[in-house]
Amino acid sequence: MFKPLSWAVVLCATLLSCESRQPVTVTTAPTESATSAAPAAPAKPTRPGVADTTAAFATLSAQPDSTHRPPTITIGGQQYRLLTSAKTDPNRRLPVPQDPADSAEVVTAESEAMALAGSYGYDVQYTVSLVAANGKPRFTATLHKADFAAAMGPTHVNESFAAAPDFYGYLPGFNALAFVVSFYLHDTDDGGEALLLLDATTGKVRHIGMQGWAFGATDGITLTPDGRTLLTSYEIVHANGRSVKLARKGLEIAGTLLINDQTVLAVYEGETYIDADGGMTNREINGPNAYLLDLNGREIGRFNFHGTQAEMGYGFTYKYLAQTRSHYLFDDGIKVLFVLNRDNPRAHRPVRLTQLRKFTAPQRPTEVRLHLTSTLGSHLTLYVDTLSSSAVRYSLRKPTYEP
């Protein structure tokens, strides 16, 4: 679904002098006295540094081409073109639930046409072809909705619109091509995405799993530095074919974050339900809801963190700061900052904003400015001392609402 320098200075000076044995006459040009030299320019004030918030780890993303040409890939020194498509099969019907209120409704040609246009209740043929420069296919892989049913749910998959797989990159450590396949009801936000890994040599399916859900977790796909492990919103996927499901009974995954190359943060919230007023709410969790896990899914730490609010589904308010090698997570609901150091994440420390000093100008030369904007509307600015990550000042701008 986040050191102080040591300097060695060596100064060597050799002074040579010699006396002339014979008197000589030396003529020199007149020079200005030291007192008449131009005054030295005043030293420029040291400016504060710039926060380096570059993501700690590589995140896979879709690889569009501005010319709309098929993407090209180099594998083993040879270049290939990648072709993807999704085509609704009008001759292959799939079961979909029927609303009892619509049992008396007459099926018309128009309603059938709408269902076919949205692939509702129809199979879809997904095709991926890897084609060499000479036009010869290296492989062509064909999949159907049923191939994604276990990961995304058969009912939802059967109702979903046909969308071609989006290419997310070639993974040498997996020898696989990564794709994200969308499963949404036609013209709605109801649905999610599946991660699809195909063997780069044969085109055989290596892995299919849920990647994100519109009303759940929607984190990116993160790759570990060795290129051998992927972290999605819902699982840890290894190059050897093994995967670790992050689901927990009675809980919903709110998000995941790769803390270092061996540690994952997985955060959960209680299952959602419809309350008495007809609104959606989460069941309360008694105890910690944030877990630190190794890449095998083994728990190595836990704490409370409920900063998962988002406009739809879940999302973290956080930034990674390279200068301190730390992830800063903000819980806007209770105004608490969590700092997880990349080198020692188990030494996490929640800090209430009231425990920090408020920022007053000027910004110090050793401070960098870090912005965290919550979906609840708060704008938190941290002034982090890069020589001591525990030294943090802050300013908080709360949202204003019109009466």
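So which residues in the range 342-369 are small (Gly, Ala, Ser) and not in a loop (DSSP other than H, G, I, E, B)?
347
For the subset of the range 176-232 comprising residues that are modelled with pLDDT of 95 or more and of a type in the set (D, E, K, R), which member is surrounded by the fewest Cβ atoms within 10 Å (Cβ to Cβ)?
Ranking the candidates gives 226 first.
Quick one: which residue in 387, 370 is of a type outside the set (Phe, Trp, Tyr), modelled with pLDDT of 90 or more and closer than 21 Å to residue 320 by Cβ?
Every option except 370 fails the conditions.
Would you confirm whether any residue within the range 267-274 is touching a Lys or Arg at 6+ places or on another chain (Cβ under 9 Å) and at pLDDT 95 or above?
yes
I'd like to check something: does the range 152-171 contain any residue that is β-branched (Val, Ile, Thr) and within 20 Å of the chain's Cα centre (by Cα)?
Looking through the range 152-171, none of the residues is β-branched (Val, Ile, Thr) and within 20 Å of the chain's Cα centre (by Cα).
Confirm whether residue 230 is closer than 30 Å to residue 131 by Cα, in a strand (DSSP E or B) and more than 16 Å from the chain's Cα centre (by Cα).
no
Which residue, of 203, 216, is at positive phi and assigned to a loop (DSSP other than H, G, I, E, B)?
None of the others qualify; the one that does is 203.
Looking only at the range 170-228, how many residues end up being under 20 Å from residue 63 (Cα atoms) and of a type in the set (Asp, Glu)?
So the count comes out to 3.
What are the pairs with Cβ atoms under 8 angstrom where one residue, in the range 265-292, is farther than 14 Å from residue 309 by Cα and the other, located anywhere, is basic (Lys, Arg) and not in a strand (DSSP E or B)? Sequence gap at least six, or different chains.
271/283; 273/283; 292/346
Of 387, 372, which residue is surrounded by 13 or more Cβ atoms within 10 Å (Cβ to Cβ) and part of a strand (DSSP E or B)? Show your work before the answer.
Values: 387 fails: part of a strand (DSSP E or B).
When all the criteria are applied, what remains is 372.
Quick check on residue 272: is it β-branched (Val, Ile, Thr), surrounded by fewer than 21 Cβ atoms within 10 Å (Cβ to Cβ) and more than 22 Å from residue 320 (Cβ to Cβ)? Quick ask: steps written out before the conclusion?
Details: β-branched (Val, Ile, Thr): yes; surrounded by fewer than 21 Cβ atoms within 10 Å (Cβ to Cβ): yes; more than 22 Å from residue 320 (Cβ to Cβ): yes.
Here the answer is yes, as residue 272 does meet what is asked.
I want to confirm something. Restricting to the range 103-132 and keeping residues that are at pLDDT 80 or above and assigned to a loop (DSSP other than H, G, I, E, B), which single residue is farthest from residue 183 (Cα to Cα)?
Residue satisfying both the conditions and the ranking: 121.
Under 17 Å from residue 251 (Cβ atoms), of a type in the set (A, V, I, L, M, F, W, C) and in contact with a Gly (Cβ under 6 Å, 6 or more places away or on another chain) - does that describe any residue in the range 280-298?
Yes, the range 280-298 contains a residue that is under 17 Å from residue 251 (Cβ atoms), of a type in the set (A, V, I, L, M, F, W, C) and in contact with a Gly (Cβ under 6 Å, 6 or more places away or on another chain).
With the requirement that a residue be among the aliphatic types (A, V, I, L, M) and either part of a strand (DSSP E or B) or buried (at least 17 other Cβ atoms within 10 Å of the Cβ) (or both), what does the range 233-253 give you?
Hits for the range 233-253 are 236, 237, 239, 244, 246, 251, 253.
Just give me the residues in the range 351-376 being touching an Asp or Glu at 6+ places or on another chain (Cβ under 8 Å) and closer than 28 Å to residue 288 by Cα, in sequence order.
Correct list: 374, 375, 376.
So residue 56 ticks every box in (1) aliphatic (A, V, I, L, M); (2) at pLDDT below 95; (3) in a strand (DSSP E or B); (4) in contact with a His (Cβ under 9 Å, 6 or more places away or on another chain) but one. Which box is left unticked?
Residue 56 satisfies every listed condition except (3).
Looking at 297, 313, 301, 307, which one is surrounded by 14 or more Cβ atoms within 10 Å (Cβ to Cβ), part of a loop (DSSP other than H, G, I, E, B) and modelled with pLDDT of 95 or more?
Unique residue meeting the criteria: 297.
Only one of these is touching a strand residue (DSSP E or B) at 6+ places or on another chain (Cβ under 6 Å), more than 15 Å from residue 204 (Cα to Cα) and part of a helix (DSSP H, G or I): 151, 146, 164. Name it.
Exactly one of 151, 146, 164 is touching a strand residue (DSSP E or B) at 6+ places or on another chain (Cβ under 6 Å), more than 15 Å from residue 204 (Cα to Cα) and part of a helix (DSSP H, G or I), namely 151.
The values are calculated or read from the model by the stated rules, or taken from the named source; none is laboratory data. As the structure is a prediction and not an experimental result, all values here were calculated from the model. All Cβ positions, even for glycine, are placed from backbone atoms using ideal geometry, and neighbour counts span all protein chains on display.
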